[in-house]
Amino acid sequence: MDGRGAVVNTTLVKPKERLPLVLVDLQCFSQNQFHFVPLSTPHPTPPLFLPVRFVDCGRSVRLQYKSSDPADFRIGDDGVLYAARSFRVPGAQPVQLVVRAKDEGSEELWQTHVKLTPTTSDTPQVREILFPPRHADGSGVLKRMRRDWVIPAINVAENFRGPFPQELVRIRSDRDKNRLLRYSVTGPGADQPPTGIFIINPISGQMSVTKPLDREQISSFHLRAHAVDLNGNQVENPIDIIVNVIDMNDNRPEFVHQIWNGSVPEISKPGTYVMTVTSIDKDDPNSANGILRYKILSQTPESPSSNMFTINNKTGDIITVAAGLDREKVQQYTLIIQATDMEGSPTYGLSNTATAVIKVTDVNDNPPEFTPDTITGGDTFGLFSVPTDPTTNEGLVTVVKPIDYEMSRTFQLTVVAENEEPLARGIHLPRQSTATVSIKIIDVNESPEFHPNPKLLRLEEGTPSDSVLTVFSAQDPDRFMQQIIRYSKLSDPANWLNIDPANGRITTMAILDRESPYVTNNMYNATFLATDNASGTGTLQIHLLDINDNAPYVYPQEAEVCEKPDPNAINFTALDRDLSRNAGPFAFELPTEVRRNWTLTRLSGEYAQLSLKIGFLDSGIYEIPIIITDSGNLPLSNMSYLRVKVCQCDHAGDCTDVERIIAAGLGTGAIIAILLCIIILLILVLLFVVWMKRRDKERQAKQLLIDPEDDVRDNILKYDEEGGGEEDQDYDLSQLQQPDTVEPDTIKPVGIRRLDERPIHPEPQYPIRSAAPHPGDIGDFINEGLKAADNDPTAPPYDSLLVFDYEGSGSTAGSLSSLNSSSSGGDQDYDYLNDWGPRFKKLADMYGGSDD
């Protein structure tokens, strides 16, 4: 960089696009003279990264670089110019800045101008690295030129989200014109652990990165590029490729301790050193991302001034800044300290806080004050007093401080009585008189005491169940009473804790959650009992430290937009139940399938804008998925849905078809499904009614033709006099009218049978009857069957009615004999049936009485 200042023209992307990666190398032609040679522009990289490298030309001293616009562009110690934040270039006007270099040893200064011009091409170019050129020696053999060949390092921003693989550089040999070559890279990150981060196309030589990089894990990669022919023979000497991971501000400062304790004597002068607080940032300490600044946010109490202390913003040293420290008035001060990276930038820096507790120590600044005693001895701790009763002039021994039996069981007090006025003249007696008072202390049962009370714990939320937190024990002041202390819970609002009744060990029963409604100002309070013959209470205060366990979501969740693009923008933000360090700034993104109609613009770390991309969109309700990512350590992402009502608008931009949008809230498919459900329900009700009516008709059709009072079978079945009754009461009377259609029973095998069981003889042959319908006289039908059976010599002397078996099979009551058979039991006396009531009247008339 000479005094005139060389101009470097680099290329930025179009307005509203991301910044590309532009690498500008510097070569030295003479001492203190610099010449800039811009290389080809590689592909776009994530925002916040615009490296332009300045080289010190081999100077042994260290150069310090500064930019004229540090809010937007900064230069690292390695000479890389990068964008300090993500922003859009308005219009097509170039952005100019001045870069200054200072020799820290000789104080020599240089400066140059950098001109950043918006690009006019959408096609990115890939940087190409050639193997060193060759020259011919005297024998005509091509050999490598013996000179230094410096390959500029490749800079890749950490946390780049893709798409992957991301093209970095192309490796090429000029010997590929007359033969086919194969390219490869080796080293950590390629074929050595961690493997697979960098890959290379063996034919084209295009080297790419396959995943996001993390500078806090690996800050640079040293790779070697190789070129061989198809037979595996080396055609070029390997070249070294350095890949630097450019730091991003992705880590908040972390204090070494969350609570810092210090002290300062009272009446200290302004400028007295108190303590030093320290915070650590995992980002690059040589860049603004890791440079911290401290400040005091608040002081409690604000007495006698709200600014009693100040802090060195670079070192974290806390000193007094005002006089007036008085321990008798304020014994302790609490300061909230904030550490911010990006050199304390309130706009771009990430912050964290800690608490500094400063105790004011006592010095001997009050002269002693004497008060007249009445008790001259035996009361070392000032537990008693002897005031004088003004009426009776009696001295009353009273207790003015608590007395502890365990400290002393008795007291011997020397009490002095003295005249207020001198004695009368001539009386030579002392003005005072002494007496000894013995006081015996009676022991009483005291409650167990927790120490300390309250007890403070600091835990991260998410602590799992069955975790041991602490032992919260109590001591019994009654040393001379042998008592056992038992522990129990008195108050546990969320029912998270459990205490061992024997030893006071506290464990968790559920996962601790800082976002619980039972947690106030990150503090959860639980009260426990310690009981012997008396009870004492102790409070356990759990300060829950926030972790990133809640994903952000869009807010508000509903919005309206006009169906035509004027106006058509919706501003929204994101809410996160976690604290600020695990919440914003947020990253907003639309899924690929939504970007056709909608576009998302990030306004800040907390707000974004959704707008209609197309010229017209039908009215209705649209659920727009939005991917929101917080900035916590291990960020959380969530797909949240923004309910957008697209409607027709008037000139003022207000919706005019609210009723149609409300009606459209219930889709056509949902309405059809509801109607189908109603129709199916009505059909089911109708089928049930028809089935009930049909069932009633069948019941009516199955009733017997005879009067229920004349139905002997029913009467008998009801009283169970036939040993179980007939099994089938649904008789088919047509079978009685046409017995010829009945199938004969299968002949049973020979064996022992009951007397009333049919024999095994062949079935009798009855006269063949016509298949025409019977006249219906059941009495004639039975008589004809009986006559046929009597005339059949093969028929057994049994009732032929058994052939028809109309009573059903397997009746335990056996067969009823024919009314006219001689074996019908006529010698039986059935007159007792008359005594069984009206239901057996029919049987009594049939079997009892005279032969008539």
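The values are calculated or read from the model by the stated rules, or taken from the named source; none is laboratory data. Please read these numbers as outputs of a predicted model, since none were measured by experiment. Cβ: placed from backbone, ideal geometry, glycine included. Neighbour counts: every protein chain shown. For the accessible areas, the whole protein counts, side chains as well, though only heavy atoms, and no ligand, DNA or RNA atoms are used. Shrake-Rupley method; radii C 1.70, N 1.55, O 1.52, S 1.80 Å.
For segment 612-643, residues that are of a type in the set (G, A, S), part of a loop (DSSP other than H, G, I, E, B) and over 15 Å from the mean Cα position of the chain (by Cα) total 3. For L109, the conditions (1) among the aliphatic types (A, V, I, L, M); (2) at pLDDT 70 or above; (3) open to solvent by less than 70 Å² (accessible area, probe 1.4 Å) are fulfilled apart from (3).
Of all residues in segment 342-362, how many are among the β-branched types (V, I, T), under 31 Å from the mean Cα position of the chain (by Cα) and over 19 Å from G605 (Cα atoms)?
Taking segment 342-362 as the starting set, the residues that turn out to be among the β-branched types (V, I, T) are 347, 353, 355, 357-358, 360-361.
In the following step, the residues that additionally are under 31 Å from the mean Cα position of the chain (by Cα) were identified as 347, 353, 355.
With the extra rule that they be over 19 Å from G605 (Cα atoms), the set shrinks to 353, 355.
The qualifying residues number 2.
Identify the single condition in (1) in contact with a Pro (Cβ under 7 Å, 6 or more places away or on another chain); (2) at positive phi that E446 does not satisfy, given that it satisfies every other one. Status for E446: all satisfied but (2).
Filtering segment 382-395 to residues that are of a type in the set (A, V, I, L, M, F, W, C) and either open to solvent by 80 Å² or more (accessible area, probe 1.4 Å) or not in a loop (DSSP other than H, G, I, E, B) (or both) leaves only F384. Looking only at segment 309-327, decide whether some residue is out of contact with any strand residue (DSSP E or B) (no Cβ under 8 Å at 6 or more places or on another chain) and among the charged types (D, E, K, R). Within segment 309-327, none of the residues are out of contact with any strand residue (DSSP E or B) (no Cβ under 8 Å at 6 or more places or on another chain) and among the charged types (D, E, K, R). Of the residues making up segment 187-210, those that are hydrophobic (A, V, I, L, M, F, W, C) and either at positive phi or open to solvent by less than 30 Å² (accessible area, probe 1.4 Å) (or both) are A190, I197, F198, M207, V209.
Of all residues in segment 152-186, those being at positive phi and surrounded by 15 or more Cβ atoms within 10 Å (Cβ to Cβ) number 1. Tell me which residues, restricted to segment 396-438, are among the β-branched types (V, I, T), more than 30 Å from F528 (Cβ to Cβ), modelled with pLDDT under 80 and not in a strand (DSSP E or B). Answer for segment 396-438, where residues must be among the β-branched types (V, I, T), more than 30 Å from F528 (Cβ to Cβ), modelled with pLDDT under 80 and not in a strand (DSSP E or B): just I427. If you go through segment 465-486 and keep only what is within 21 Å of Y518 (Cβ to Cβ), open to solvent by less than 70 Å² (accessible area, probe 1.4 Å) and in contact with a Ser or Thr (Cβ under 8 Å, 6 or more places away or on another chain), you end up with S465, S467, L469. When segment 607-635 is filtered for residues that are of a type in the set (D, E, K, R) and either touching a Leu at 6+ places or on another chain (Cβ under 8 Å) or surrounded by 14 or more Cβ atoms within 10 Å (Cβ to Cβ) (or both), the ones remaining, listed by number, are K613, E623, D630. Considering the conditions (1) open to solvent by 60 Å² or more (accessible area, probe 1.4 Å); (2) touching a Ser or Thr at 6+ places or on another chain (Cβ under 7 Å); (3) under 30 Å from D72 (Cα atoms), V321 is excluded by exactly one of them, (3). A count restricted to segment 254-279 and to residues that are in contact with an Asp or Glu (Cβ under 7 Å, 6 or more places away or on another chain), open to solvent by 80 Å² or more (accessible area, probe 1.4 Å) and modelled with pLDDT of 95 or more stands at 1.
Of Y518, Y553, all but one fail to be open to solvent by 30 Å² or more (accessible area, probe 1.4 Å), of a type in the set (F, W, Y) and over 21 Å from K455 (Cβ atoms); the exception is Y553.
Total residues in segment 559-584 satisfying the condition of being part of a loop (DSSP other than H, G, I, E, B) and either buried (at least 16 other Cβ atoms within 10 Å of the Cβ) or among the aliphatic types (A, V, I, L, M) (or both): the figure is 7.
Here segment 587-606 is the region considered, the condition is being open to solvent by 60 Å² or more (accessible area, probe 1.4 Å) and in a loop (DSSP other than H, G, I, E, B), and the residue that is nearest to P552 (Cα to Cα) is E606. Taking segment 439-451 as the search range and keeping residues that are under 30 Å from F528 (Cα atoms) and surrounded by 10 or more Cβ atoms within 10 Å (Cβ to Cβ), which one is modelled with the highest pLDDT? Step by step, filter segment 439-451, then rank; the result is F450.
Determine, yes or no, whether D513 is under 28 Å from H257 (Cα atoms), crowded, with 17+ Cβ neighbours inside 10 Å, touching an Asp or Glu at 6+ places or on another chain (Cβ under 9 Å) and in contact (Cβ under 8 Å) with a residue 12 or more places away in the chain.
Numbers: under 28 Å from H257 (Cα atoms): yes; crowded, with 17+ Cβ neighbours inside 10 Å: yes; touching an Asp or Glu at 6+ places or on another chain (Cβ under 9 Å): yes; in contact (Cβ under 8 Å) with a residue 12 or more places away in the chain: yes.
Yes, satisfied.
Residue selection: I241 fails the criterion of being under 35 Å from the mean Cα position of the chain (by Cα) and of a type in the set (A, V, I, L, M, F, W, C).
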